[in-house]
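What follows is a set of notes on a single structure, which appears directly below.
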Amino acid sequence: MTAALEALDLTRRYQLDGVAVEALRGVSLRIGRGEFVAIIGPSGSGKSTLMHLLGCLDRPTSGRLRVNGVEMSQLSDTELAELRNKTIGFVFQSFHLLARTTALENVALPLVYRGLGKAERRSRARAALESVGLGHRMEHRPSQMSGGEQQRVAIARALVGEPKVLLADEPTGNLDTRNGAEVMAILDRLNSDSGVAVVLVTHEPEVAEHARRQIHVRDGLIELDTADRNPE
Amino acid sequence: MALEALRVNRLRSVLTMLGVIIGVLAVVILVAVGTGAKDAVEKEISGLGTNIILVVPGRLSVGAAPTQSKLNLADVAYVRRVVGDPAKVTVSLQSGETVRVGGTEAFVTIVGTDQNLTNIFERPLDKGRHLSETDVDTRRRIAVLGSEVADKLFGDLDPIGRQLTISGARFRVVGVYAKIGQTFGVSRDQEVHIPVTTAQRLLGIARVNGIAVGASGPDEIEPLQERVVAALTDRYPGEKFSAVTQTQLLGTIGSVLGMLTGVLAAIAGISLLVGGVGVSNIMLVSVRERTREIGLRKALGARQRDVLAQFLIEAVLLTTIGGVIGILLGVGGALTIQALTPVPASVTWWSVALAFGVSAAVGVFFGVAPARRAGRLDPVIALRAE
Ligand SMILES: Nc1ncnc2c1ncn2[C@@H]1O[C@H](COP(=O)(O)OP(=O)(O)O)[C@@H](O)[C@H]1O
Ligand SMILES: [Mg+2]
């Protein structure tokens, strides 16, 4: 069976005012379908950079990446956009909801780029919102919702396209403990119920505890992958 | 979605549209006034009569000093023989003079002419009669008044049969013309027509200013025009004579006014372009402000062309809404001008269509650069933007 994500010796170098910053210095990993993985490491260790590469938002300086069995270096920007739309769901620390748009329309947005009709978009968005327990907030705008609710809207948006992989970058970073726990519970449940692979990026060990597997990153390198310790 | 984005920044959208609104408004109104002026002049010329040829001495060109007339009544008789139909030739000798009735004075244009005037020109009577052949032959001191002259000198009285003094000589009123308004900005209702023979004696002039010939049909105009000029040149070797037809006059004035309208529209078009620069500017600001939104949309699967289309549609919507508002205001303005001032204004469908098309094109043209910038944004950088 092909892995959901397969990275081989990924590097990413940024050029900043003529100074090269090596954000990733050779990362290899394999994430199977339906896995729940936490990428943990201190701030600046390269977690977000890695997540952007895994989500095909960015191209590596060197190394190879297969997403759902497809070699991403072979794809054009347009094909990468389609790949993101169909295979990847993103959840960000700062939610990134469109401010003047209702929860329902925010959730339906990825389906616009899939070319679905309005009725279909709305019914799928409604189902996604219900699955994160926000059936009663469809017509609310982000400013009318709590941070926890906003992040749940963002999770619904990430799931509405039925992706293979959900990438969450510090999803609880802007939330209090109670809302953070609620968001984590939803991610747990979605992973076990729908079988979507969840890659959780965090710098908090307590959050990383939710995952069955932890990948520790430091200075652009994988320091420890718990999958290597207790292979299944 | 695009409308929504414009509504979010309503004031800014309206201010941005203002440039386009003013540009389109100016185009529509200026073209309407230009076209209205052209229509009015053309109506004046066609209102003179049909198939008219005007013969004057010298070369006819815009801005040239009027040539000293060489034509006299013998030449008129000669032209009558050349034309063949004497009734289709008339004559004009004009001079500004003061006319008086009792204590009331008026400065008018005295036109010395003959009984054939009305065979060629449209000049309906209000009351009384036209000049007759006998009036001309016997140098009668009688006059037919333009409507304004009649009003000014006689007021409510019936002028027919009453006396008036032209340059000290007494004349009797035999007719009053119906009101006909202006030709080329000169009121024709301030004319006083007297027999050309009487006018020559009164003014001490043996010449006439011009001869008018009426052709029997549109096809006759050009050959007749050539024949008359050739005959006069024959008679006065070395002299120049010009004949202009109504059609030529229409064509010349039409093209001059058309050019004027075009220049006005072009100037107005420049303000439309300036409006477009404003749109471009605001779209760039909008792209910058919404960098994170663009990053997010790309993360969710928006392709470069989706983002480009989104911003392009917004720009075009901005300019076309501005265009429609400008058209509505422009049409309203033109109708108001028409109703409240003597300036004629006629809104043409093509200027409206052009204004709309140009405002849409301005949106595309000035929206492309910001929209491409948006489409090309790197999603990672866009997402990290503050
Ligand atoms: N666009 C960029 N240009 C230059 N340097 C960057 C850029 N993005 C990230 N970096 C640098 O790369 C390193 C890793 O950043 P990041 O992946 O955001 O770490 P983390 O998410 O673990 O905090 C940091 O040193 C950061 O400053
Ligand atoms: Mg980070």
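The values are calculated or read from the model by the stated rules, or taken from the named source; none is laboratory data. Owing to the predicted nature of the structure, the values given are computational and were not obtained by experimental measurement. Cβ coordinates were reconstructed from backbone atoms using ideal geometry, including for glycine residues, and neighbour counts include every protein chain displayed.
Of the residues making up segment A:11-33, those that are within 16 Å of ligand 2 (Cβ to nearest atom) and closer than 21 Å to A:Ala197 by Cα number 1. Being over 25 Å from B:Arg290 (Cβ atoms), within 11 Å of chain B (Cβ to nearest Cβ) and modelled with pLDDT of 95 or more: is that true of A:Thr87 here? Judged against the criteria, A:Thr87 is a match. Residues that are under 45 Å from the mean Cα position of the chain (by Cα), modelled with pLDDT of 95 or more and over 21 Å from B:Leu25 (Cβ atoms) do not occur anywhere in segment B:295-302.
Yes or no, residue by residue, for (1) within 14 Å of chain A (Cβ to nearest Cβ); (2) in contact with a His (Cβ under 9 Å, 6 or more places away or on another chain); (3) free of Cβ contacts under 8 Å to residues at least 40 places away in the same chain:
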{"site": "B:Leu264", "(1), (2), (3)": "no, no, no"}
{"site": "B:Ile282", "(1), (2), (3)": "no, no, no"}
{"site": "B:Gln304", "(1), (2), (3)": "yes, no, no"}
{"site": "B:Val324", "(1), (2), (3)": "no, no, yes"}
{"site": "B:Thr336", "(1), (2), (3)": "no, no, yes"}
{"site": "B:Thr348", "(1), (2), (3)": "no, no, no"}
{"site": "B:Val358", "(1), (2), (3)": "no, no, no"}
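Taken over segment A:93-112, the residue count meeting the criterion of being more than 12 Å from A:Val160 (Cα to Cα) and either facing chain B (nearest Cβ under 7 Å) or of a type in the set (D, E, K, R) (or both) is 3. Among the numbered conditions (1) within 14 Å of chain B (Cβ to nearest Cβ); (2) surrounded by fewer than 23 Cβ atoms within 10 Å (Cβ to Cβ), the only one that A:Val201 does not meet is (2). Go through segment A:34-49 residue by residue and tally those that are more than 9 Å from ligand 2 (Cβ to nearest atom) and either within 14 Å of chain B (Cβ to nearest Cβ) or over 12 Å from the mean Cα position of the chain (by Cα) (or both). Total satisfying the criteria: 5.
Looking across segment A:22-63, the residues that are assigned to a strand (DSSP E or B) and touching a Gly at 6+ places or on another chain (Cβ under 9 Å) come down to A:Glu22, A:Ala23, A:Leu24, A:Arg25, A:Gly26, A:Val27, A:Ser28, A:Ser62, A:Gly63. Looking at A:Glu149, is it acidic (Asp, Glu) and either part of a strand (DSSP E or B) or over 20 Å from the mean Cα position of the chain (by Cα) (or both)? It is false that A:Glu149 is acidic (Asp, Glu) and either part of a strand (DSSP E or B) or over 20 Å from the mean Cα position of the chain (by Cα) (or both). Among the residues examined, B:Ile313 qualifies as assigned to a helix (DSSP H, G or I) and within 14 Å of chain A (Cβ to nearest Cβ).
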